Amino acid sequence: MSGRSMPSWLATLLGCAGLLVAWWLFSALAFTPDEGITYDPVPSPLAVGKQILDDGFSAYWGFFSVTIEEAAIGFAWGNGLALALAATVLLLPWLETVVVQIAVVTYCLPIVAVGGIAIVALGGAPVPGDPSKTAVFLAALSVFFTTVVGALLGFKAADKASLDVVRVYGGGRLRQLTKVRLIAALPAILNALQIAVPTSLLGAVLGEYMGATDRSVGITLIRLQGQLDSVRVWAVFLLCALVALVGYLLFGLVARLVTPWVAGRSAA
C-alpha cells in the first residue's frame, strides 16, 4: 500500500510554524541583549507582530508599493526575455550554446558588483517615489537564469511522437513550438515563474540598497538599521517574506489551474 503525500497547504503551514518556533528560540536563548542594553538584535516574533499592528499596515505600504512595482516590472522583463530566447533556441538550435552560456554568466555575476555598475549606468528613481531603474534591472537579472533553464528543459520534454505527427502533416519548428512544445513546457515554465516571484523581490531590494531612491524597502531598511530600530527592521523582513510567499502561492494556484493534468497526476 502506497502512502499518501502530505498536502501542500499543510506542508506550508508546518514549515511556517517551524520557522516561527526557531525564530522564537533564537530570540529567547541565543541573542538575548546584555544587561543594561536596550537594543535587541533579534526581537521575538510577538514583539515584531505587535509593532506591525501598532504601526498599521498603511505605514508600510507606502514604500512596499514601490518595491513591489519594481519587482513586477523586473519580473516581466527578465522572464519575458528568458522565454523569448528559449523559444528562439527551438527555432534556431545552433543558438542553444550561446543562450545557455549567457544565462550561466548572468547567474555567476556578483549581483552587488553588477548593482554598483547599474547605479552609475542606469541611475535610480528619476522622480521621488518612482521605481528605481537599478532595482528593476537587478530584479530582471535575478530571474533570467532560472526561467531560461526551466523553459529549455520544458520545451525539450515534448513527446516525440506528437512532434512527428506535426512534422508528417507539414508543420515546421514554429508549428511544433506552438502546438506541442509550449503545452509540454507549461508545467516547467510555471514552476520557473513561481520561483522567480520571491527572487525578483530580492533583486529589487538589493537594487534599492545601491541608493538613488527615497521611498522603498531597501532605503527604509538602511534608515532603520542606522537608527538601531531592530524591531521595525525585523517587521520589514517579515513583511517581505509574506509578500514573497503570497506571490509564490498565487503562481502555484495559477499553475494548478492552467495545468490540471499535472496536479491530478501528483495527487494520484
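The values are calculated or read from the model by the stated rules, or taken from the named source; none is laboratory data. The shown structure was predicted, so the numbers you read here are calculated from the model rather than taken from an experiment. Ideal geometry is used to build each Cβ from the backbone, glycine not excepted, and the neighbour counts take in all protein chains shown. Ligands, DNA and RNA are stripped out before the accessible areas are found, and what is left, the full protein with its side chains, is counted by its heavy atoms. Shrake-Rupley method; radii C 1.70, N 1.55, O 1.52, S 1.80 Å.
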>> For q values of 0.14, 0.15 Å⁻¹, compute log₁₀ I(q)/I(0) with the Debye formula on a Cα-only model of region 63-147, without solvent.
In response: -0.53, -0.59
>> Taking θ = phi - 60°, what integer Hz values does the Karplus form 6.51 cos²θ - 1.76 cosθ + 1.60 yield along region 214-224, in sequence order, with x for Gly and Pro?
In response: 10, 9, 5, 5, x, 5, 5, 5, 4, 5, 5
> Could you give P(r) for region 47-198, binned at 5 Å from zero, as whole percent values over all Cα-Cα pairs?
Replying inline: 2, 9, 14, 16, 14, 12, 10, 8, 5, 4, 3, 1, 0, 0
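Express the C-alpha Rg of region 139-268 as a ratio against the empirical globular expectation 2.2 N^0.38 Å, rounded to two decimals. Don't jump to the answer; show the numbers that get you there.
On the way: Rg = 20.5 Å, N = 130, 2.2 N^0.38 = 14.0 Å.
After normalising by residue count via 2.2 N^0.38 Å, the value is 1.46.
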> If each Cα of region 38-85 is one equal point scatterer, what is log10 of I(q)/I(0) from the Debye formula at q = 0.13, 0.30 Å⁻¹?
Replying inline: -0.54, -1.00
> So, with a 1.4 angstrom probe, what is the percent of accessible area on region 116-157 that is carbon and sulfur?
Replying inline: 73
>> Take Ile183 and Val112, extend 7 Å from each Cα along the Cα→Cβ direction, and tell me the distance between the two endpoints in nm.
In response: 4.9
> Gain in length, Val105 to Tyr39, computed as 0.36 nm per residue apart minus the alpha-carbon separation, to one decimal in nm?
Replying inline: 19.6 nm
> Just going by the charge dipole of region 10-147, with Lys and Arg at +1 and Asp and Glu at -1 on Cβ, which of Leu20, Ala86, Ile52 is farthest out on the positive end?
Replying inline: Ala86
>> Once you compute Rg and the Kirkwood Rh from C-alpha atoms, what is the Rg to Rh ratio for region 122-171?
In response: 1.40
> Relative to a virtual label point 7 Å from the Cα of Ser162 in the Cα→beta-carbon direction, which members of region 77-99 show backbone nitrogen distances below 20 Å?
Replying inline: 83-84, 86-92
> Could you work out the helix-only [θ] at 222 nm for the chain, with each DSSP H run of four or more residues adding -39,500 (n - 2.57) and the total divided by the number of residues, to the nearest 500 deg cm²/dmol?
Replying inline: -24500 deg cm²/dmol
> Once both labels are modelled 7 Å past Cα along the beta-carbon direction, what's the Ala11-Arg256 spacing in nm?
Replying inline: 1.2
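Pairs of alpha-carbon atoms within less than 8 angstrom and 6+ residues apart define the contacts here; what relative contact order does the chain have, in percent? Before the final figure, lay out each step's value.
Details: 325 pairs, mean separation 65.2, N = 268.
In percent, rounded to a whole number, it is 24.
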>> If every alpha-carbon in region 1-137 counts as one equal scatterer, what log10 I(q)/I(0) does Debye give at q = 0.11, 0.12 1/Å?
In response: -0.82, -0.93
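Taking only protein heavy atoms and a 1.4 Å probe, what accessible area per residue, in Å², does region 61-148 have with all protein chains in place? Mind dumping the intermediate values first?
Values: 4180 Å² over 88 residues.
Dividing the accessible area of region 61-148 by its residue count gives 48 Å².
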>> Please report Rg (one decimal) and Dmax (integer) in Å for the Cα set of the chain.
In response: 22.2, 81
>> Can you compute 3J(HN,Hα) from phi for each residue in region 196-206, using the Karplus curve 6.51 cos²θ - 1.76 cosθ + 1.60 with θ = phi - 60°, rounded to whole Hz and x for Gly and Pro?
In response: 6, 4, x, 5, 5, 5, 4, x, 5, 5, 4
> For the modelled label position 7 Å from the Cα of Thr97 along Cα-to-Cβ, which residues of region 135-157 have backbone nitrogen atoms closer than 18 Å?
Replying inline: none
>> Output needed: percent of Cα pairs per 5 Å distance bin for region 167-213, bins running from 0 to the one holding the longest distance.
In response: 5, 18, 14, 12, 11, 10, 9, 8, 7, 4, 2, 1
